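Since the structure comes first, as structure tokens, the remarks are kept for the end.
The values are calculated or read from the model by the stated rules, or taken from the named source; none is laboratory data. None of the values given here were measured: they were computed from a predicted structure. Every residue, glycine among them, receives a Cβ derived from its backbone with ideal geometry; neighbour counts consider all protein chains shown.
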Amino acid sequence: MPPSPVPARATSAAARGKGEPAVAAILSWLIPGAGHLYLGQVGIGVACFVIVQGLYLLGLRLSDGMGFEYLDLELRSLFAPALSPEVGNLGAFLYQMQHYGFGPGFPRPFPEWLRLGSGLTALSGIFNIAVIVHAHWGARTQIRTAPGVPSTHSVVFATLVVPGFGHWLQGRRARAIIVFVLLVGLFAFGTLLAEATNLSRERHFYYWSGQFLLGLPAIIAELIFGGARVKSDIPYVDAGLVFGCIAGLLNALAMIDVYGFSESKLLGLPLRSSRLPAKEEA
């Protein structure tokens, strides 16, 4: 009988998780930290709740809950806001929609700190992705670290912050540089074509939501160049919006890549290869 590719330490009772991964992930999605409470990790659960929900609450206060009033009247529907980063923190997102929604139905002055507040609620949803990953992994297995291999949630969070950073932590330096240059370069090229109008959530709600997945590069660019006034027609604005958005969406694939690599290393699973298996000798 051929040996199992998974080492004994990964299949032993001591290495098994403490609960159902899907339950831990869904609970964390609904309420940050709830998945960790389910797993008995009270300290981590409370810390996740305070940080993630604190960001969302502060964002609501600064924006007066008007973040989704960016949407044009014809775009306001039951599922339209679900394409925003806030949906990563589902419980807080549903609370905002229930209590604030799209506003009274007519234009009104935006508060002074609306952009910052809207960014914080979006950031809360993005941060909760790492919380969900951490809870899901804890429910799958109690294996936390291996020599020279960072944890799954840390590399996912690192990639959320800076594209390629998770690959760098895993020692895949060449891939890290390629991911960073391609994604940040694509975003920068899109910003140039759109003349920085892609950095405005007010103007381009959905494109902004996609590029926000790029993390720190998108945030820094908005802090420096955001709020630019449009003084004339922008010939390539559509192309710029698409490029910037695609850069953020591609970073989601980068997060899946670093997660899969850490999973394989920590559990001792063989890494998948694109090479075809060699033919057996006759």
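Going through (1) touching a helix residue (DSSP H, G or I) at 6+ places or on another chain (Cβ under 8 Å); (2) without any contact (Cβ under 8 Å) to a residue 60 or more places away in the chain one by one, ILE126 falls short only on (2). The set of residues in segment 198-213 that are assigned to a helix (DSSP H, G or I), farther than 10 Å from GLY244 by Cβ and of a type in the set (S, T, N, Q) contains only SER209. Can you work out which of the residues in segment 113-150 that are basic (Lys, Arg) and assigned to a helix (DSSP H, G or I) is modelled with the highest pLDDT? Top of the filtered list is ARG115. Among all positions in segment 146-157, there is at least one residue which is hydrophobic (A, V, I, L, M, F, W, C), outside the structural domain of MET66 (by TED's automatic domain parsing) and closer than 19 Å to PHE212 by Cβ.
Scanning segment 67-99 for residues that are of a type in the set (Phe, Trp, Tyr) and in contact with a helix residue (DSSP H, G or I) (Cβ under 7 Å, 6 or more places away or on another chain) turns up PHE68, TYR70, PHE93.
Applying the criterion of being under 22 Å from the mean Cα position of the chain (by Cα) and either assigned to a loop (DSSP other than H, G, I, E, B) or in the same structural domain as SER209 (by TED's automatic domain parsing) (or both) to the residues of segment 67-82, the residue that is surrounded by the most Cβ atoms within 10 Å (Cβ to Cβ) is LEU71.
In segment 1-42, the qualifying residues are those that are exposed (fewer than 15 other Cβ atoms within 10 Å of the Cβ) and of a type in the set (Val, Ile, Thr), and the one that is modelled with the lowest pLDDT is VAL6. If you check PHE110, PHE93, PHE102 for being in a helix (DSSP H, G or I), aromatic (Phe, Trp, Tyr) and either in contact with a His (Cβ under 7 Å, 6 or more places away or on another chain) or touching a residue at least 24 places away in the same chain (Cβ under 8 Å) (or both), only one passes: PHE93. Against the criterion of being within 18 Å of the chain's Cα centre (by Cα), modelled with pLDDT under 95 and of a type in the set (A, V, I, L, M, F, W, C), VAL52 does not qualify.
For PRO163, the conditions (1) under 22 Å from LEU253 (Cβ atoms); (2) in a helix (DSSP H, G or I); (3) at pLDDT 90 or above are fulfilled apart from (2). Contact annotation: no residue pair with Cβ atoms under 7 Å, 6 or more positions apart or on different chains, pairs a residue in segment 181-202 that is at positive phi and crowded, with 21+ Cβ neighbours inside 10 Å with a partner that is modelled with pLDDT of 90 or more and outside any helix (DSSP H, G or I).
Would you point out which residue out of PHE102, PHE106 is out of contact with any helix residue (DSSP H, G or I) (no Cβ under 8 Å at 6 or more places or on another chain), hydrophobic (A, V, I, L, M, F, W, C) and over 24 Å from LEU250 (Cα atoms)? Sole residue among the options that is out of contact with any helix residue (DSSP H, G or I) (no Cβ under 8 Å at 6 or more places or on another chain), hydrophobic (A, V, I, L, M, F, W, C) and over 24 Å from LEU250 (Cα atoms): PHE106.
All conditions in (1) exposed (fewer than 15 other Cβ atoms within 10 Å of the Cβ); (2) basic (Lys, Arg); (3) touching a strand residue (DSSP E or B) at 6+ places or on another chain (Cβ under 7 Å) hold for LYS265, with the sole exception of (1). As a summary of the residue check, TYR100 satisfies the conditions (1) exposed (fewer than 15 other Cβ atoms within 10 Å of the Cβ); (2) touching a Phe, Trp or Tyr at 6+ places or on another chain (Cβ under 8 Å); (3) of a type in the set (Phe, Trp, Tyr) except for the one numbered (1).
The lone criterion from (1) out of contact with any Ser or Thr (no Cβ under 7 Å at 6 or more places or on another chain); (2) surrounded by fewer than 17 Cβ atoms within 10 Å (Cβ to Cβ); (3) not basic (Lys, Arg) left unmet by ALA228 is number (1). If the condition is being closer than 21 Å to GLY54 by Cα, at pLDDT below 90 and touching a Leu at 6+ places or on another chain (Cβ under 8 Å), then segment 67-111 contributes GLY67, PRO81, PRO111.
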